[in-house]
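Heads up, the thing below is written out as structure tokens.
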Amino acid sequence: MEAAGGPAVRRIAMKTSFSAFVAAALIAAPATFAAEAAPADRAPPEKAPSAMTPTEIKAYNEGLPQTHPYYIKCRKSLEIGSLVKKNRVCHTNEQWKVALEKGSTSARETAEAMQSKAGSSSN
């Protein structure tokens, strides 16, 4: 026989808390979808994101989810040849995606070219 607070009681408590979690998620789901759907009609930024000030970027991103194609993200990279100077590069998610695809394609083509040359050389 199980003691009070044994595995059976824990199972019932887990089922109850799981049901409460599912109910809360279903209640919150329409609000989440409405929040994501509202800024869908926003136009892309008028200026190039790298030319915008951090204040302008923050104002533009206001109300946009971070996964929206026009949400602006900035990254800092070290300037080549300098130990301290950094460049700030800002793009929309859509532009970052295109840049990543271009970089991946270029790297793949370079790797394939190197492999084909390595295999075709004769001694």
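The values are calculated or read from the model by the stated rules, or taken from the named source; none is laboratory data. Because the structure is a prediction, the values reported are computed rather than measured. Using ideal geometry, Cβ is built from the backbone for each residue, glycine included, and neighbour counts are taken over all protein chains shown. Side chains included, ligands, DNA and RNA excluded: accessible areas come from the protein's heavy atoms. Shrake-Rupley method; radii C 1.70, N 1.55, O 1.52, S 1.80 Å.
Loop-only trypsin sites (Lys or Arg not before Pro) in region 50-123, please: DSSP not H, G, I, E or B, and at most 12 other Cβ atoms within 10 Å.
Sparse-neighbourhood loop trypsin sites (Lys or Arg not before Pro): Lys85.
Rounded to the nearest 0.05, what FRET efficiency do Ala48 and Gln115 have when you use their Cβ-Cβ distance and R0 = 25 Å? All intermediate terms of the calculation are to be shown ahead of the outcome.
Numbers: r = 37 Å, r/R0 = 1.49.
After rounding, the FRET efficiency stands at 0.10.
Sorting Ser106, Ser82 by accessible area (1.4 Å probe), largest first, what list results?
Ser106, Ser82
Once you order the gyration tensor axes a ≥ b ≥ c over the Cα atoms, which shape class does region 77-118 get: rounded for a/c under 1.5, otherwise prolate or oblate by comparing a/b with b/c?
oblate
Pairs to check: Lys76/Lys117; Lys47/Lys97; Lys47/Lys86. Give those whose C-alpha atoms are more than 27 Å from each other in this structure. Intermediate values should be presented prior to the final figure.
Values: Lys76/Lys117 36 Å; Lys47/Lys97 19 Å; Lys47/Lys86 22 Å.
Over 27 Å Cα-Cα: Lys76/Lys117.
Rolling a 1.4 angstrom probe over the protein chains, ignoring ligands and nucleic acids, what is the accessible area of Tyr71 in square angstrom, nearest 10?
40 Å²
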